[in-house]
Amino acid sequence: MALHLITGGSGVLGRAVAQALLERGHRVRIFDLKEPPVELAGRVEFFRGSILDAEGVLEACAGVEVVHHLAASMPQARLSPRGFWEINVAGTLHAAEGALKQGARRLVFASTIEIYGLHYPHEFPVTEESERRFTGIYSRNKWECEERLLEVKEKTGLEVAFPRMPMIFGPGFYHEPSMTGLFRLIRRSWPVPIVADPNAPWASVSSADAAQGFALAAERPEAIGQAFNLAAADAPPCRELLHQLISAVGSRSRAIVVPRRLLEAAVLLIERYQIGPTPAELVRFSLVGGIYSIEKAKKLLGYQPKHSALEGMLQAYRYLEEG
């Protein structure tokens, strides 16, 4: 049984990756500021620490065969550019250094489809080779990490792989206020505004399906040096998906389309004054949506998503409802 380290392993993705690895017979160690969720208690090792602490990361990498580097600060953290860089880029370099010094074989890095930035329907589906337009600081940080890690691979032989994901839904979901707010409206059967093009495709992935991709990326030789989109097989139109969610949970909410002119005015205000639940860098990106090809992951990794967009969203909704 190989020992796998998951940095940021107590979050929505980390707990799912831990579960997927345990089911494959691996041993799991989590490095995080927060303790693992109760369902992992007694089943994983836990090292408490910050990704900014290079010595702590080095200690956590001892005896590890694969490092799954998930620890990061997302746009919702609203840090300074330097603050984002220190956590997202310098922290990744700490993980790579720890992996190298402790003799790990591979590092699987959690990247993002936000690297591609804003694409339009005539450009769908977006593939791993599509133009990188970025959404802002966070996605540029992630791209810099991919580039730095490829340099490490060439210089040292450390195997690296880059799963790129859209919004991840599942148990432990908490980080996107616009979604948690939407769930509260639905739970109370209040009207739900559609603050996007109602026909915009809603790309997402369940945490369990993303975790499947990480486990495969840790095992398959075809993953080395490659990026892979990991998403649900479907990306329903925004209005359709909300109607499905409302119906599935037995809510009496009605989805109401916000007029385009109001949306455009709101976008300008958000971008100018940095207000609202969604970070300004993600607003226009969120309004248009996206469809992301998973053919490369299916062909090279054997990735087979099991959950639809609705099923993943329901997992997050029910987790928050129960909590």
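Rule-based calculations on the coordinates, nothing more; no lab input. Given the structure is predicted, the values throughout are model-derived calculations rather than measurements. Note: ideal-geometry Cβ built from the backbone for every residue, glycine included; neighbour counts use all protein chains shown.
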Could you work out the local net charge near residue 249, counting Lys and Arg as +1, Asp and Glu as -1, over the other residues with Cβ closer than 11 Å to its Cβ?
+2
Within 12 Å, Cβ to Cβ, of residue 64, how many net charges do the neighbouring residues add up to if Lys/Arg are +1 and Asp/Glu are -1?
+2
Taking 0.36 nm per residue of separation between residue 180 and residue 240 and subtracting their Cα-Cα distance, the length gained on full extension comes to 19.7 nm
What do you get for GluC sites (Glu not before Pro) in the range 113-149 restricted to DSSP loop and a cutoff of at most 16 other Cβ within 10 Å of the site's Cβ?
129, 131
At 1.002 mPa s and 20 °C, Stokes diffusion of the range 79-120 via Kirkwood alpha-carbon radius, µm² per second
175
Just rank 173, 46, 183, fewest to most, by other beta-carbon atoms within 10 angstrom.
46, 183, 173
Can you sort 202, 85, 190 by how many other beta carbons sit within 10 Å, fewest first?
190, 85, 202
Under a plain spin-label model, where a point goes 7 Å from the Cα along Cα-to-Cβ, how far apart in nm are residue 62 and residue 150?
3.5
Stokes-Einstein D (µm²/s) once Rh is taken as the Kirkwood radius of the range 22-151 over alpha-carbon pairs, at 25 °C in 0.890 mPa s:
153
